[in-house]
Each structure stands twice: as C-alpha cells, then as structure tokens.
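Have a look at the structure below, then the notes.
The values are calculated or read from the model by the stated rules, or taken from the named source; none is laboratory data. Note that the structure is a prediction, hence the values are computed from the model and not measured. Neighbour counts run over all protein chains shown; Cβ positions are idealised from the backbone, glycine included.
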Amino acid sequence: MKTDKNIGEIFKDNLYDYAENPSGHVWKNIQKNPDLIKYNIKASFSYAKLFTGIAAVAFISVALYFAYNNFVQNENAVVDNNLIELPNQKENIKTIVVKESKPVEDNSLVENKIISEKRKTQSDISNPEPAKSVELIKPNIEPQTLEMVHPAPKVQNLESTPQKIAVSVADEKPVKTKELDAFQETPRSTLSVIPVFASKDTIICRWTPARLSVLGAVSVAWSDGSTDFEKIVEPTESSVFVVRATRNDGTDTLLRIFVQVEDCYQIYVPTAFTPDGDGRNDEFLPVYNGDISDYEMVVFTRTGGKVFETKNINYGWDGKISGSQAEEGAYFYAIRYRDSKNKQREQFGQVILYRSR
Amino acid sequence: MTDEELVKGCVEGKSKFQQALYNKFAPVMKGVCIRYSDTIEEAEDILQDGFIKVFLNLKNFRLDGSLEGWVRRIMVNTALNYYRAKQKSSYHANIDEIVEIVEDVRIDNYDKLNTKVLLQMIEELPPGYRMVFNMFEIEGYSHKEIADELNVSVNTSKSQLLKARRSLQQKINELTESENKKMAQL
C-alpha cells in the first residue's frame, strides 16, 4: 500500500497520543510536594467545617461536664453502697436516700434525723416502716429538739458529706469499719517529686559560648546525645537545644532552651597584616557584615602618632607612613561606627605589621 | 468521573481527585515530556513539576476548554523551562539563521514506521531542532509562538524546523533502505 504523507503528519499521527506509564515515584513525589500540601490544606479548609468543629467541641465539653458531675455523684453513692450491701441495714439505705435528695442547707438537720432514726431502728426493730417514719418525723421535729434528743458530739462533727455519715454508721459495725478505713486512707505516694528546671532562653553574641544547665533531674539526655547536667554550647546560628530530663520519680520531661545568636560586633578586625606586595593581607582592612554607617578608623603608632585615617570602610592601611614604609611592629587602631541598629559602637585594639623576608 | 468533577475535586484540594486526574493524564503527558527531554529521568522530572503546576493552577482553568489540552500546554511549558535552564548552563553555538524554502518532504511507506522508532528519531535530534519540531508539528504552535517561547527569531524557528525535517527524513530513508535490503535478501 503506497501512501503519501507529510513527515510532520506522520510524527503527529504516531506521537500525539503516545502514552507511557510513568514510574511510581512520580506520583509519590507530587504528593510530597510542600506547595501542593499547603494548597490542599488551604483549599479543603472551609468555615462550615470550622463551625462543625467548634460545635462538636462545645458539645463534647458539655457532655463531659455532665459526665463528670454524674461521676462525682456516683462516687458519693459508692460509699453508701458499701453499706447497703449489708442486709441488716436496709432501713439505713432508705434513710440515706432520703437524705441525698435534700437541699444542702438542710443537711445537718436531716443527718441528725437520719442518725437518730437509725439508732431507733436498730434499738427497736419492731418499728414497722422506717422510711415512712422518717417522712413523718421530718416535718414535725425542730432542729433544737433534735439536738436535745440526740446531742452526741459525733453527730456534730459529721455534718457536711455523705462519706462522713457512712463512717458514723459504720462505727456501729466494726467489720465494715476496716474496709472503709482502707478506702478512705488510700496510700498516696510519699515520694516528693523534685521539679526540674533548665536554663532560660538566652541571647548570645556570635562566636561566644553559652552555658546551659538542668537542675533537679536525676539524669538528662541532650539532643546531641550528651548526658551532662551542664553543657557549654557555641551555636553559630540561633538554635533550640532540646534536653530530656528524668525526674526523681522516673518520669521524663522534655525541655527546650532557645539560644538566640546575634551579631554583637559587625566588624572583625584582623590581628596582623603583611604589606609586602604579595597580594595577601597587604592592607590592614577590617571585615564587616550588615549595614554600617558613620565608619571611621584611625591607626596610631605605639607612641601615639597618627599614621592613617579613613572614613571609607573599603579602604585599608597599606602599611605606609606618608609614602615610606612603616616599621614592623605593633600599631593601635580605633574604629567607630554605627551598627545595623544605628547604635554607635567603638572598637580598639592592636595590629601587628609584618614584612616577610 | 468527568473532567468537570475532576477539576472541582482537585481545586478543593482533595487528594483522591488529584490522583484520579494524574492517573488519567500522566501516561500521555509522559509521552509529551519524553519528546521534549534528553532522558527518561528528565522526562519524569518534568512530568512531576508539570503536574504540581497543574494542581496549583487548576483553579484558573476554564471548563469551556479542553482539560487535556490545558494540561499538555503546562507540560510543554515546563519542558521549555527545563530546556531554557539547560541552555543557560551549557554553551550553545549560535544558530545560523539562513532561511531556506521549506520544501514539503514526502515519505513513502510510512506505515512501516512504528511509534517507538519515530520517538527514537526525535530523541536523537539535537535539542534545538527537537523543540521546534515538537512544538510546530506535534503540538501545533506557530513559528511566532515558538520564537517567543524559545527566545529566537521566527526565521530561526523556520530554519530549525526545516533542518529537523531533513534530519528525520534522512533517518527514515536509511531505515527504509535497510528494510528493503533485508527484504531483498529474503
């Protein structure tokens, strides 16, 4: 079959839809792309979701609040239940239930009633319906009369909480008392936990060390693996040092100490120079970084004679005094400038002039 | 899933839709990237960058156009960025700008040529020829567009295309000749 086609058409026909499956890592890399991750988070964020979230949080906290209240009430009830288990004390159950439903102000009054009632029921078993009798007694008896009827000091002490009532009842049942004591005096950890402290966040000058320490820990482990309680670091960039400290009770805490590094001096002055024309260190020229203004440098001999003066930071001393070569030895310099924060700074020091022979 | 649903899901940042869009277009787009690159690795790099651009810019895509065409355009642009970056890093001799009359090269027996072989031929072209040939013949750019994209003159684009065609023509001829020889031997 003979065909006649433009070369471009041939390639287009064959290659326009040419497909080849890419390797798997391409899609993985696309998914890992930080820009895309950011975009997806932004794009999928919506106010509707935010409100749903807030509503959910609100609902859960309300639910938790009620759950907690129930829990507290149940805890009180538990104490009562311990007593309820005893068949002999059925009457007491009823009295206690009655008591719980009373408002707080009435507690002392009601308790008194209860206890007096209990005593009655136990001394006089022939009493047919104790619960009812409570109901009947309640409105009739005045607080004063109750106190007069039953002025036991114990009752005075045991006013506020249901637990205490439980104890008072248990007093009459020695077997139970032990259990209750055990319940109330739950052994607590007597070990006092020593708090752990670490150095505060600090600011240091670049090229200077910082001392970091941890107090109160039984052992520490820094992020770099060292286990010293005190550590001297010299970060060249601001960094966070992380240390895991173990308290004396065996628990761990993670502490972070932020060390901010700042350029305290923006000018570095060399300590020597060699004006011998070899192209290396031929000039006495401070090195600077950042914004510097109002720069001024003066170089003196040891005797105080001024040998060089400039206001141009890029212009250094070539080791000559009015055209002739200066002697080898020490010279003094004074530099004054304004740093990047527009603060005036001064630096003084000495520089050695060498000539290689 | 229709293109419309795909675009909507991707714009909303849903990973599932992005993967669906990727699965739909990645193979063909890899085919595009191969034509514009020197190696498979480079092609996949372009593919990867191209798809990230697609996802980040899909919100600007208007649904009245072809999604595939739009994605393809982004792939070609990404490939051209790679090409330009490579050109900067390596010295390239100036391209002579002799304009020749573009003759219509015609091929016999083109149906013998298989896709892989054609792809191989494009791969073997010098990068400059390859870009122009791909853009003009396959993606359908005009010489003006090519000149703008590659930062060359329209005449350069034309002469590059011509040379690319000739080179391909020669390759095809060689191939058919060897085929014919084989046939004769049988």
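Observations
- Filter result for the condition that a residue is modelled with pLDDT of 90 or more and within 9 Å of chain A (Cβ to nearest Cβ), over B:Leu56, B:Leu80, B:Leu113, B:Leu118: B:Leu56
- Of all residue pairs spaced 6 or more apart or on separate chains, those with beta-carbon atoms under 7 Å, a first member in the range A:325-338 that is over 18 Å from A:Tyr295 (Cβ atoms) and a second member that is crowded, with 19+ Cβ neighbours inside 10 Å are A:Gln325/A:Gly319; A:Ala326/A:Gly319; A:Ala326/A:Leu353; A:Glu328/A:Leu353; A:Gly329/A:Leu353; A:Tyr331/A:Val299; A:Tyr331/A:Leu353.
- Number of the exception - A:Pro275 against (1) under 30 Å from A:Ile204 (Cα atoms); (2) in a loop (DSSP other than H, G, I, E, B): (1)
- Residues of the range A:305-319 that are under 19 Å from A:Val269 (Cβ atoms) and exposed (fewer than 15 other Cβ atoms within 10 Å of the Cβ): A:Lys306, A:Glu309, A:Lys311, A:Asn312, A:Asn314, A:Tyr315.
- In the set B:Val7, B:Val28, B:Val54, only one residue is closer than 18 Å to A:Tyr18 by Cβ, part of a helix (DSSP H, G or I) and not small (Gly, Ala, Ser); that residue is B:Val28.
- Output for the range A:32-53, where each listed residue is modelled with pLDDT of 85 or more and surrounded by 15 or more Cβ atoms within 10 Å (Cβ to Cβ): A:Asn33, A:Leu36, A:Tyr39, A:Asn40
- Test: residue in the range A:320-328 that is surrounded by 12 or more Cβ atoms within 10 Å (Cβ to Cβ) and among the hydroxyl-bearing types (Ser, Thr, Tyr): no
- Residue in the range B:89-103 that is modelled with pLDDT of 50 or more and either touching a Gly at 6+ places or on another chain (Cβ under 8 Å) or in a helix (DSSP H, G or I) (or both) present: yes
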